[in-house]
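The values are calculated or read from the model by the stated rules, or taken from the named source; none is laboratory data. Source: prediction; values computed, not measured. Ideal geometry is used to build each Cβ from the backbone, glycine not excepted, and the neighbour counts take in all protein chains shown. SASA here: full protein model, heavy atoms, side chains in, ligands and nucleic acids out. Shrake-Rupley method; radii C 1.70, N 1.55, O 1.52, S 1.80 Å.
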Amino acid sequence: LPHCSSLLALFVLPAFIALPHTTTLTAATPRVDVVTGLDAPALEKFAAEELAGYLRRLYGADVSVSSSASKNAQAVVLLGSPATNPAVASAGSWPKVSDQGIVIRNVQGSGANRVVVGGGSPVATLWAVYELAHRFGVRFLFRGDVYPAQPGELKLVDLDIKLEPNLRCL
């Protein structure tokens, strides 16, 4: 029966690793506003909820998803593209990207850290959210997402990412 223990490790250990991890809330809970366009496509609204979920789970953030930012937010994420979100359009220059290109970059704003997370299409915007989560340490595996044990502090600074696929999806 020595093979049984090896098989048990193959099936039990990965399930153990993927168990949910609880983030301890600290006194300095970050307040983040995720801003979508008022008439954002359904996929961008889903992307906003996905991003909010990652921020809550990783950092214990107090996240609000709406079409405008509040005055007390410590960070503001403008989600979408200039075509789907007026806040992204007014945030400054938008780089030239294809329908599959993604953009994650800091922009100037009043007070709060401001980041644009978007793409050349709603599906690319969703890909941008997953790219940002990957940079936060989340790994997407067949058996489920794996979160970092110690994600550190939420930092939305020094982001200037523009990615285009090497192979285009049809």
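Apart from one condition, residue 53 fits all of (1) in contact (Cβ under 8 Å) with a residue 24 or more places away in the chain; (2) within 13 Å of residue 32 (Cβ to Cβ); (3) surrounded by fewer than 17 Cβ atoms within 10 Å (Cβ to Cβ); the exception is (1). Picking from residues in region 154-170 that are among the aliphatic types (A, V, I, L, M) and part of a loop (DSSP other than H, G, I, E, B), the one that is nearest to residue 121 (Cα to Cα) is 170. Taking each residue of region 136-155 that is exposed (fewer than 12 other Cβ atoms within 10 Å of the Cβ) and looking for partners that are in a loop (DSSP other than H, G, I, E, B) with beta-carbon atoms closer than 7 Å, six or more apart or interchain, yields 143/18; 149/21. Looking only at region 85-110, how many residues end up being open to solvent by 30 Å² or more (accessible area, probe 1.4 Å) and in contact (Cβ under 8 Å) with a residue 40 or more places away in the chain? Going through region 85-110 one residue at a time, the tally reaches 5.
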